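To keep things clear, I will list the structure first and then write my remarks on it.
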Amino acid sequence: MIFMYDVMSKKAEDFINDEEIQQTLEYAQKNKSNRELIEKLIERAEDCKGLSHREAAVLLDCDQPDSNEKMFALARRIKEKFYGNRIVMFAPLYLSNYCVNGCTYCPYHAKNKNICRKKLTQEDIKREVIALQDMGHKRLALETGEDPVNNPIEYVLESINTIYSIKHKNGAIRRVNVNIAATTVENYRKLKEAGIGTYILFQETYNKKAYEELHPTGPKHNYAYHTEAMDRAMEGGIDDVGCGVLFGLNLYRYDFVGLLMHAEHLEAAMGVGPHTISVPRIRSAEDINPEDFTNAIDDDTFAKIVAVLRIAVPYTGMIISTRESKKTRERVLELGISQISGGSKTSVGGYADEGEPEDEHSAQFDVEDSRTLDEVVNWLLSLGYIPSFCTACYREGRTGDRFMSLVKAGQIANCCLPNALMTLKEYLEDYASEDTVKKGEKIIAEQINNITNDKVREIAKQHLFDLEGGQRDFRF
């Protein structure tokens, strides 16, 4: 007998139901060698309509090497169909590391006396943003600890306004995504009014017992309030939300299933699933030793998680940060990743004050890929990808169900490729090294003819010419 959980419920323990997850894990283990079922799932997933959490769990557990290779090949085809060879670029911006929570895996935890506590003033933020603009970034992800005194919602809102107001040379931040603690519907409305792009919140783990142990003190201890945050965000008018777990905290199979159940819940109850899914793995940091957490996953398992997620949620963007090495990032780019960070600093004030002694004691985690943005862009171009600094969908109102309907209909590519090429051209004109310019111009020349709509292609060519003449910010 299959237990029926309530995907439409707004109660966390209903839509992330432990019994359903346990039964799913048992079902997947039972069928990990069921070649007939696995082949049927792979064949059906070719329609690019996704898989259920239970079906995806079977593929994740599959122990048939040839079937696994078919899975990886399918993930590559799905990635190519919906995202082509475009990779969206972003950078995190840490506003404050003051925090009242007791998260055992994060150096921001309230009891950590070694970390250098810092909070950016609005003038500090201006310096950080100018430094990011001088690198070439157009899209940021705001990060801050949870502290109602030091980091109230008013501080976040003022910071967003400051970021959008800064125009430096040809630089401008055109999209601010926000990763802050779970909050109220009213505060989500305020974030929406401030013009944020995506609201991002990592669940860390969907296992309630493990979650409560990992968050022993502070408001984040409340599992239900945290898990139900995306519902409140969407009730507050935020169209695009981003989910994720921190792999290594709990058993990865459990969290993989929980992550997909969360996506299914949002699709069913709120009308649209997550805009993005992030796949961070735990890393060392001040006062944090990843060896204290015994659920770490190896690179092969990590790659398979990315591939099966891409198959299960083909329309959802997938994000990987500089937590991962160049080698790991290269491996998973083709399997499903569509957004990466570059030139990232995980310390408060790390961009404008690079090299300050206290930086190493204010970072949230150690960066594995420490290359500059230009080095990352150059690398992507060498691999045949188009680094994209596009923010057009958010600014043109193509968010939430409007965005997803275009993706599912295959029409979003009419915007994505020309926008990617034009924003890459901006980067080449204003920020790139000589070698990056050469590689970028070659990619643009090759890819411009892949724009299938004749009218769009000719307009894009004209805009590329206009960009050389000093004009900026074209978009479809």
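Check segment 131-140 and report whether any residue there is over 19 Å from Ser344 (Cβ atoms) and modelled with pLDDT of 95 or more.
Applying the first criterion (over 19 Å from Ser344 (Cβ atoms)) to segment 131-140 yields none.
Within segment 131-140, none of the residues are over 19 Å from Ser344 (Cβ atoms) and modelled with pLDDT of 95 or more.
Here Ile459 passes the criteria (1) buried (at least 19 other Cβ atoms within 10 Å of the Cβ); (2) at pLDDT 95 or above except the one numbered (1).
Just need a number here: residues in segment 82-97 that are assigned to a strand (DSSP E or B) and of a type outside the set (Gly, Ala, Ser).
The number of residues fulfilling the criteria is 9.
Just one of (1) loosely packed, with under 15 Cβ neighbours inside 10 Å; (2) within 22 Å of Gly384 (Cβ to Cβ); (3) among the charged types (D, E, K, R) fails for Arg76. It is (1).
Check segment 456-464 and report whether any residue there is out of contact with any Lys or Arg (no Cβ under 9 Å at 6 or more places or on another chain), more than 30 Å from Val348 (Cβ to Cβ), outside the structural domain of Ser341 (by TED's automatic domain parsing) and outside any helix (DSSP H, G or I). Show your work before the answer.
Taking segment 456-464 first, the residues out of contact with any Lys or Arg (no Cβ under 9 Å at 6 or more places or on another chain) are 456-462.
Still in the running and more than 30 Å from Val348 (Cβ to Cβ): 456-462.
Still in the list and also outside the structural domain of Ser341 (by TED's automatic domain parsing): 456-462.
If we keep only those that are outside any helix (DSSP H, G or I) as well, we get none.
Among the residues of segment 456-464, not one is out of contact with any Lys or Arg (no Cβ under 9 Å at 6 or more places or on another chain), more than 30 Å from Val348 (Cβ to Cβ), outside the structural domain of Ser341 (by TED's automatic domain parsing) and outside any helix (DSSP H, G or I), which makes the answer no.
Please verify whether Ala445 is surrounded by fewer than 18 Cβ atoms within 10 Å (Cβ to Cβ) and of a type in the set (A, V, I, L, M), treating the condition exactly as stated. First the steps, then the outcome.
Working: surrounded by fewer than 18 Cβ atoms within 10 Å (Cβ to Cβ): yes; of a type in the set (A, V, I, L, M): yes.
Yes; evaluated as a whole, the condition is true for this residue.
For the condition outside any loop (DSSP other than H, G, I, E, B) and farther than 14 Å from Ser347 by Cβ, Val100 does not qualify. Checking the condition assigned by TED's automatic domain parsing to the domain that holds Val129, at pLDDT 95 or above and surrounded by fewer than 21 Cβ atoms within 10 Å (Cβ to Cβ), which residue from Glu358, Glu330 passes? None of the others qualify; the one that does is Glu330. Kindly indicate the residue of segment 232-247 that is part of a strand (DSSP E or B) and among the β-branched types (Val, Ile, Thr) and also surrounded by the fewest Cβ atoms within 10 Å (Cβ to Cβ) among those meeting that condition. Here the residue is Val241. The numbered conditions (1) touching a helix residue (DSSP H, G or I) at 6+ places or on another chain (Cβ under 7 Å); (2) part of a helix (DSSP H, G or I); (3) in contact (Cβ under 8 Å) with a residue 60 or more places away in the chain are all true for Leu309 except (1).
The values are calculated or read from the model by the stated rules, or taken from the named source; none is laboratory data. It should be emphasised that the depicted structure is a prediction, and the values quoted were computed from it without experimental measurement. Please note: Cβ atoms are built from the backbone with ideal geometry, for glycine as well, and neighbour counts cover all protein chains shown.
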